[in-house]
Amino acid sequence: MKKIALTILLNALFAMNSIAADWKPVSLSSKVTNVQPMTGMVLWTSEASDHYSAYGKCHALEYSYVAPCKVVKGCNADSSINYDWSYLEDLLDDIKSRNHQAVIRFFYEYPGEAMVDKNVGTTGVPAYIKARSDYKESSKTVAGDGFTYYADWRCTELQRFTKLFYTDFAKKYEKDPRIAFVEVGFGHWSEYHIYDENGVNIGKDGNFPSKDYQKEFFLHLANVMGSIPWAISIDAADDDYSPFADDKDLRKLAFGLFDDSFMHKEHEKTSKDGYNEECWITMGKDRWKTGVCGGEISYYSDSDQKNFTREEGMYGLTWKDQSEKYHITFMIANDNPSKNSYKNADRFKECSMMAGYHFVVTKCVTDGTQTKITVENKGVAPLYRDAYFAIGSIRSEQSLRGLLPEESIEVTIDAGLECDKNGRALSKPVIASDYILDSQTIEYDCNYNTTTGLQMVEQESTDDNQRYDLSGKKVSENHRGVVVVKGKKILDKSLLSR
């Protein structure tokens, strides 16, 4: 990726006139060098373990399915659920041991697999529900997916349990930093994949919840999940079996989206299909502003997971452009490490760092008792959980959660920043969050020097950014000296030295 070094020329007199006399600028130096928490490429836990030595620092997230029956032991006399969370605890601790956070998805149907009880196609419905006389599962060998049993959504206890399960889960895990995101849904793999065309008669024998229940469930989920960012499949846009396309109230909820075939050959509307992009649009073009967006690189072709990290991309699309277009925060790319020999780990890390948020501090001043920091998000998506600038144990009141790309805010910390005689901070502010592991750090870029009044900023090529001289006239890239780009005065030293 082509990068150029730009030098921002700051007017010292204007800066001093714009702030009180006792506020002093602070020299700060900081750089984002790692994949940021809650962002980037995702590996399944087994793959993350196998490739840990080479890839452990190239991603920050791991993925796993979880069947509710694995943590449910029964129903009590008062209708509360008897849980044993040890299965999930062991999973989360395993992921944490690699300094990663979890993306988890609860499911009832997983065609063709024996991951529940070693029998192919067993549902993840708790045993106490399966034992009821009013519960009867159907089954089918599904074209392309394999044999599966289907949860019986005619059973009112299954409906009640499903809502209560997420209530109880959120109460226990809402503030647990081991969990980054939760994916939810219905059908095969909870991906809304249950189609008439592959031999399943949707709704027959109660194999899929009604639109009314789905609405009831998602309204409930929005009330109980608290601060846990949750996402549903883009396939929920299909109005044949989902209520979202025709229900504005549901689309107003602050949920995210995941796309299980991202970047496949006919993903975009410019192809002859474009189904995926149409689903994104139906579910809301601006959904990413309030709900996390992610998914899984396509398996439509055996080479998709292998090739998507190449700079030239595939099918005329690049990961960089697509992650920016859809404001991607995380993406499962499980087969890339084992199938791709192309710049492997380094490129995997680089692609991880193209997703999610990226904070840049553009200004820092202190009066000895307070410190004000101006921070901009240069990433492709906001941060979806609270994080705060902090000096020692004192945090700013303003959270960085929801700061959109290319936007900036000023945060105030009720603590002074100690500096040397040249205005350099003796210890730099940090970004603190209760939703990351103790071993993780949210980094930020900053290289501001008060003695020169200059800040070195590394950014992508500005070939497409119009430049102006100080009189407001358009100038070319070869114009020497001070120019204005995107409202900022810059001085390109490389041009002065020519």
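Taking the DSSP beta bridges with both ends in the range 313-423, the antiparallel portion is around 95 percent. Label separation (E418 vs E312): 5.6 nm, computed from points 7 Å beyond Cα along the C-beta direction.
Along the positive direction of the dipole of the range 270-344 (beta-carbon charges: Lys, Arg +1; Asp, Glu -1; about the Cα centre), which of M314, N334, S298 reaches farthest? So the residue furthest toward the plus end is N334. Helix 156-173 and the longest principal axis of the C-alpha atoms of the chain enclose an angle of approximately 30°.
Within a 10 angstrom radius of the beta carbon, how do T412, T123, T318 rank from fewest other beta carbons to most? Please list the in-between numbers first.
Working: T412 13, T123 23, T318 19.
Lowest to highest Cβ neighbour count: T412, T318, T123.
Find how many whole Å separate the alpha carbon centroid of the range 96-119 from the alpha carbon centroid of the range 39-82. Centre-to-centre (Cα) distance: 6 Å.
Listed from fewest to most Cβ neighbours within 10 Å, the set L426, L383, L404 follows the order L426, L404, L383. Coupling constants for the range 363-369 follow from the phi torsions by the Karplus curve (6.51 cos²θ - 1.76 cosθ + 1.60, θ = phi - 60°), and in residue order they are 7, 8, 9, 9, 10, x, 10 Hz; glycine and proline get x.
Computed from point charges on the beta carbon alone (+1 for Lys and Arg, -1 for Asp and Glu), the dipole magnitude for the range 40-352 about its Cα centre is near 720 Debye. 3J(HN,Hα) along the range 50-61, derived from phi through the Karplus expression 6.51 cos²θ - 1.76 cosθ + 1.60 where θ = phi - 60°, amounts to 5, 9, 4, 4, 8, 10, x, 9, 9, 8, 10, 10 Hz, with x in place of Gly and Pro. Compared with the dominant principal axis of the Cα atoms in the chain, helix 86-96 is inclined by about 30°.
Distances between placed amide hydrogens fall under 5 Å for Y326 paired with no residue 5 or more residues away or on another chain. Checking every one of the trypsin sites (Lys or Arg not before Pro) in the range 253-356 against DSSP loop status and a limit of 15 other Cβ atoms within 10 Å picks out K269, K272, K285, R310, K343.
The spacing between the range 353-398 and the range 329-345, judged by their C-alpha centroids, is 30 Å.
Arranged from fewest to most other beta-carbon atoms within 10 Å of their beta carbon, D22, D94, D152 become D22, D94, D152.
What net charge is computed for the residues neighbouring N377, neighbours being all others with C-beta under 9 Å from the C-beta of N377, Lys and Arg scored +1, Asp and Glu -1? Mind dumping the intermediate values first?
Values: positive: K378; negative: E376, E406, E407.
Summing Lys and Arg as +1 and Asp and Glu as -1 gives -2.
Phi angles of the range 430-444 translate, via the Karplus equation with coefficients 6.51, -1.76, 1.60 and θ = phi - 60°, into HN-Hα couplings of 10, 9, 9, 8, 7, 10, 10, 5, 4, 8, 9, 9, 8, 9, 8 Hz per residue; Gly and Pro are given as x. Taking Cβ atoms as reference points and 14 Å as the exclusive limit, the residues near G146 contribute a net charge of -2, counting Lys and Arg as +1 and Asp and Glu as -1. Sequence-distant contacts, meaning Cα pairs under 8 Å at least 6 residues apart, place the relative contact order of the chain at 19 percent.
Return the percentage of antiparallel bridges among DSSP beta bridges fully within the range 207-330, rounded to the nearest 5 %.
Details: 1 of 8 bridges.
Given both bridge residues lie in the range 207-330, the antiparallel proportion sits at roughly 10 percent.
Every read-out reported here was derived from the displayed coordinates using simple, explicitly stated rules and does not represent laboratory data. Keep in mind that what you see is a predicted model, and the values were worked out from it rather than measured. Every residue, glycine as well, gets a Cβ built from its backbone with ideal geometry; the counts of neighbours run over all protein chains shown.
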